[in-house]
1. If only Cα atoms are counted, what is the Rg of the range 340-419, and what is its Dmax, in Å?
2. Highest first, please rank the peptides 332-342, 379-389 by the mean number of other Cβ atoms sitting within 10 Å of their residues.
3. Applying a 10 Å radius around every beta-carbon, put 14-27, 317-330 in order of their mean neighbour count, most first.
4. Which of LYS353/LYS380; LYS380/LYS411; LYS93/LYS411; LYS353/LYS411; LYS93/LYS125 have a Cα-Cα distance over 29 Å?
5. Net charge near PHE31, counting Lys/Arg +1 and Asp/Glu -1 over other residues with Cβ under 12 Å of its Cβ?
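We did not get these values from a lab; they are worked out from the coordinates using the rules stated. Because the structure is a prediction, the values reported are computed rather than measured. As a convention, Cβ positions derive from the backbone with ideal geometry for all residues, glycine included, and neighbour counts pool all protein chains shown.
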Amino acid sequence: MSAAAVYRRLLGYVRPYWPIFLAAAVAMVFFAATETAFAWLIGKIVETIAPTDETQISGEVERWMPLAIIALFLVRGIAQFGSSYGLAYIARKVINELREQVFGKFLRLPVSYFDARPAGELLAKLSYNIEQIAEATSNVVTVFIRDTLTVIGLVVYMLYLSPPLSLFIFIVAPLLALLIRFLSKVFRRHNTRIQESMGDVVRITSEVLQSVRVVKIFGGQEYEEKRFAESNERNRRLTMRLVVSSGLGGAATGMVTALGVAGVVFFATLESVRPSDLGDFVGFLTAMVFLMRPLRQLTGLNATIQRAIAAGVSIFEILDEPEETDTGSYVPDGRCEGKVEFRHVHFAYEQSKGPVLHDIDLYVPAGQTLAIVGRSGSGKSTLVNLLPRFFEPTSGEILLDEHPLRAYSLKALRDQISLVSQEVVLFNDTIANNIAYGALSGADREAIER
């Protein structure tokens, strides 16, 4: 998935909130306008303090200037708050929606998906990776719109004051574009690796917390500490590589920008190029200084955008995974009798590794208790996992009350089955709700006991 496709898909989550986005964008227009207005105001202040024969300032203008400064910063503050709050609201709504979609997807994915991936890795994507997207839908959009408008306003003002001096901006711009393109690839590669290493940190922690008794009884503390330290150190090294790349990229960007500023300062000494009016010249220099901040902010967006794109790729990979198939439609009337039959059942997790179950024929009458005994890895759990259709046989078929399992809808089939797993699972809820988990949720005690 390309970076542009990922970002377009992310922005698709913003579309339902377009009125708030529009209000925030209007606020950013006002904020950007205050930058250019302030540069203009500085020029007028210089003209007031040191007027020339051509620029005589009236006393009325001198009186409104302090009020203009206060009004300018009042508008700036309100606009900054409005844009920041509006986009932060959109960002949190997008994160909320993404988390719900990913969590819902986890519930609908087949069991084989979770067998192939550590739980810690998936937890990291649900928490850490999605959080990285928040910056792409709030801070990045804020800076991009606000600072782009600021740059446009300042450049137009500088062109108005002195077109020759302003040409240096257009000389520097292509160099900045090439630098940003190169840094994009570097930042995206580093961010993908950082997110993967963060998944390892969460995975190891999750495994230890879930198996703390096993770790203690077998004296595995030292081993687990070493394993966690190695993963944590890898995350630190990768993060520092990103910091180095970002720092060097910022320095290179600053140097390219400085070349443009130096050119402006050099040619500003030539009377034929610089503005003849002192106030206009100071206004030009002020606009040029103000231009540095938004340019630096815009070039710094690259790292954040690439981090969000790397996170977006990992999230959309989950959302695009095929869900558990449910092609059956048969719903039995009440409880099944419980006759189970396996007919020439074969099963393999991966064809390259060979079959786990080979030509299984088995008939279990209704009401009979059956114990399946065998060495570890012989396929006992796999055989049982075929009954609720956690996995599908490679060939052959399984019948329940003489109906193929594939004919049952998944819900109807699983309503007929109870499971006591090897791993004891207690949800963070009351004892009653744990007992009545699922179909009996919210039922009274009599219904549960019945």
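1. Reported Rg and Dmax, both Å: 12.5, 38.
2. So the order, starting with the most tightly packed, is 379-389, 332-342.
3. My ranking of the peptides, most packed first, is 14-27, 317-330.
4. Numbers: LYS353/LYS380 18 Å; LYS380/LYS411 24 Å; LYS93/LYS411 32 Å; LYS353/LYS411 31 Å; LYS93/LYS125 18 Å.
Beyond 29 Å: LYS93/LYS411; LYS353/LYS411.
5. Charge balance in the 12 Å sphere: 0.
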